[in-house]
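Below is one structure, written out as structure tokens; comments come after it.
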Amino acid sequence: MDSETVIISRYGAKLRLGPFHSKMVCGDHVRVCQRGSYTWRTARIAWIDRTTSSYCGIELQDPENFWGVYFPEKPALESEQAESGKRAFTPLAIRAQV
């Protein structure tokens, strides 16, 4: 079925579904293909919203830059930084030290 990608993340996406979505169930496994790029990934339907419009959320099984977009790494937690001895600097913290 055709759908439109509304929001993407490294791990999944929010999709606007076409008219033939009534048989979809949360937890179903689907194959997501990008039109024109001949790439596909297996995904799991994480949630379905049928109240206002037909939207669903998918979780990719192998994210590996499927969308072709660079996502920065997640920042480490302060407790992890303290254990490793590293300090996190923000532009404001750098200016404050000068």
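Residues of the stretch 29-58 with the amide nitrogen closer than 16 Å to a label point 7 Å from the Cα of TYR11, along Cα-to-Cβ, please. Counting backbone N atoms under 16 Å from the label point, the list is 43-47, 57-58. Taking one quarter of the surface of the convex hull spanned by the alpha-carbon atoms of the stretch 3-66 gives a direction-averaged projected area of 4.2 nm².
Readers should treat all values here as calculations from the given coordinates under stated rules, not as data from a laboratory. Because the structure is a prediction, the values reported are computed rather than measured. Cβ coordinates were reconstructed from backbone atoms using ideal geometry, including for glycine residues, and neighbour counts include every protein chain displayed.
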